[in-house]
1. Going by the structure shown, is Val48 of a type outside the set (Gly, Ala, Ser), in contact with a strand residue (DSSP E or B) (Cβ under 6 Å, 6 or more places away or on another chain) and open to solvent by less than 10 Å² (accessible area, probe 1.4 Å)?
2. What residue, of Asp208, Asp177, is under 26 Å from the mean Cα position of the chain (by Cα) and not β-branched (Val, Ile, Thr)?
3. Among the residues of region 109-143, what is the count of those that are farther than 12 Å from Thr68 by Cβ and open to solvent by less than 10 Å² (accessible area, probe 1.4 Å)?
4. Do we find that Val129 is part of a loop (DSSP other than H, G, I, E, B), farther than 25 Å from Ile255 by Cα, β-branched (Val, Ile, Thr) and in contact (Cβ under 8 Å) with a residue 12 or more places away in the chain in this structure?
5. Name the one entry in Glu342, Glu328, Glu359 that is closer than 21 Å to Glu294 by Cα and either at pLDDT 90 or above or open to solvent by less than 40 Å² (accessible area, probe 1.4 Å) (or both).
6. Tell me the strands (runs of 3 or more DSSP E) entirely within region 228-300 that contain at least 1 residues that are touching a residue at least 24 places away in the same chain (Cβ under 8 Å) and open to solvent by less than 30 Å² (accessible area, probe 1.4 Å).
7. Any residue at all in region 260-283 that's on the phi > 0 side of the Ramachandran plot and touching a helix residue (DSSP H, G or I) at 6+ places or on another chain (Cβ under 9 Å)?
8. Is it true that some residue in region 185-206 is crowded, with 22+ Cβ neighbours inside 10 Å and more than 24 Å from Glu83 (Cα to Cα)?
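The values are calculated or read from the model by the stated rules, or taken from the named source; none is laboratory data. Quantities reported herein were computed from a predicted structural model and do not represent experimental measurements. Glycine also receives a Cβ, built like all others from the backbone with ideal geometry; neighbour counts cover every protein chain displayed. Remember, those area values only see protein heavy atoms, side chains included, never the ligands or the DNA or RNA. Shrake-Rupley method; radii C 1.70, N 1.55, O 1.52, S 1.80 Å.
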Amino acid sequence: MVLAVALFCCPGTLIKAADGLQGKETAKEQMQLYAQAAVLMDADSGRVLYGKNAEAKLPMASTTKIMTCILALEYGNPDEVVEVSSYAASMPKVKLCVKSGEKYYMRDLLYSLMLESHNDSAVVIAEAVGGSVEGFAAMMNQKARDIGCFDSYFITPNGLDAKVNDTGKVHSTTAADLARIMAYCVTDSPEKERFLEITRTQSYHFTDVDGTRNFQCNNHNAFLGMMQEALSGKTGFTNNAGYCYVGAVESKGRIFTVALLACGWPNNKSYKWSDMKKLAAYGMERYQYRDLFEEQAFSDIPVRNGIAGKEGTPFEEAKISVALQAGEKSLPYLLCEDDQVEVKTRVEPVLDAPVAAGEQVGSVSYYLNGELIKRYPVCTESTVEKRSFLWIFGYILKLAFFL
């Protein structure tokens, strides 16, 4: 095999701030956060740009509701009329104070869920979409796995602390998983626009289906007014979880998500805003998009025992052309000045006949700080038949006939 490596690195020492990665300690020391666990993530790639206890499993309070909302948008019907159960009506504050037997439109309860963080609305939604809270929790856990979150376990749709007695599992997530769930909600979900519309609404008025009760919901995500780049977010608090927050910011085509868990307890409600602004600024100041894609040219590869061209002779060396099968001409990636990118090209030096068109004979791989981020196949562009005994015999006969 032939291996060619191209290394591109900007000046400076490599820094990886995510947990478990060694680098400059000054970066972590300067980033003093209140949160016990925190993550800054590139929403496009899912790469953790900065982490503190990023994989620690902790309760997440009402930040849970971003998963509840996106599932309701994807699998529910906003025009559906849903009825309140006695169980939903029994939820503790913060609550809309719905009553058993009342009926509401699903779309209205989604605003109640995300703007005011009402616990009873979350249960009404869960029972309507999942058939029961348990059924909806199963949907939540499946969605988490589908989007690559394997350290989260959902029990409740509202984020109230909960534990499964027979397994010991608790309602919990990690900062890395929570940031990834938010990234899915604002960039990948087919319902991302409706999610953003709901979570960015400042106030919303609605009634029950009968029009006998009126409700006004106001958005409690104060971060929307703190930075012009603020895109979305959800607050959370329980006595066990402390203050939590998950948010997204957008700047110059870049979307960052931030997750903060256990970010203070009363009376330190503002800690989460300090951490959020600090991490958002860190991402926007340090990371820019750069196109990593490189055009590749390859020499023809010799083919042993292959027939050269359509006719060929036993004395000609068969060769075959190969090309990069990228399907794209750009590979934008969010990088800081300390990131290192390597491009490794591997192509077989010789092939054995027969060779089919489209056969993979190599690859071009892109590595960021030693981790594979993209691999393109290198494939043959034509076919080469094998020189068999019958072909050689036929060739000799043609020579004899010609002579």
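1. Numbers: of a type outside the set (Gly, Ala, Ser): yes; in contact with a strand residue (DSSP E or B) (Cβ under 6 Å, 6 or more places away or on another chain): yes; open to solvent by less than 10 Å² (accessible area, probe 1.4 Å): no.
No, not satisfied.
2. Details: Asp208 fails: under 26 Å from the mean Cα position of the chain (by Cα).
Result: Asp177 is the single residue among Asp208, Asp177 that is under 26 Å from the mean Cα position of the chain (by Cα) and not β-branched (Val, Ile, Thr).
3. Keep residues of region 109-143 that are farther than 12 Å from Thr68 by Cβ, which gives 111, 115-116, 120, 131-132, 134-135, 138, 141-142.
Narrowing further to those that are open to solvent by less than 10 Å² (accessible area, probe 1.4 Å): 115, 120.
Looking only at that region, the number is 2.
4. On the way: part of a loop (DSSP other than H, G, I, E, B): no; farther than 25 Å from Ile255 by Cα: yes; β-branched (Val, Ile, Thr): yes; in contact (Cβ under 8 Å) with a residue 12 or more places away in the chain: yes.
It is false that Val129 is part of a loop (DSSP other than H, G, I, E, B), farther than 25 Å from Ile255 by Cα, β-branched (Val, Ile, Thr) and in contact (Cβ under 8 Å) with a residue 12 or more places away in the chain.
5. On the way: Glu328 fails: either at pLDDT 90 or above or open to solvent by less than 40 Å² (accessible area, probe 1.4 Å) (or both); Glu359 fails: closer than 21 Å to Glu294 by Cα.
Answer to the check: Glu342.
6. Working: elements: 230-238, 242-251, 254-261, 288-291.
Passing ranges, in order: 230-238, 242-251, 254-261.
7. From region 260-283, those on the phi > 0 side of the Ramachandran plot are 262, 264; that's our starting set.
Remaining after also requiring touching a helix residue (DSSP H, G or I) at 6+ places or on another chain (Cβ under 9 Å): 264.
Looking through region 260-283, at least one residue is on the phi > 0 side of the Ramachandran plot and touching a helix residue (DSSP H, G or I) at 6+ places or on another chain (Cβ under 9 Å).
8. Taking every residue of region 185-206 in turn, at least one turns out to be crowded, with 22+ Cβ neighbours inside 10 Å and more than 24 Å from Glu83 (Cα to Cα).
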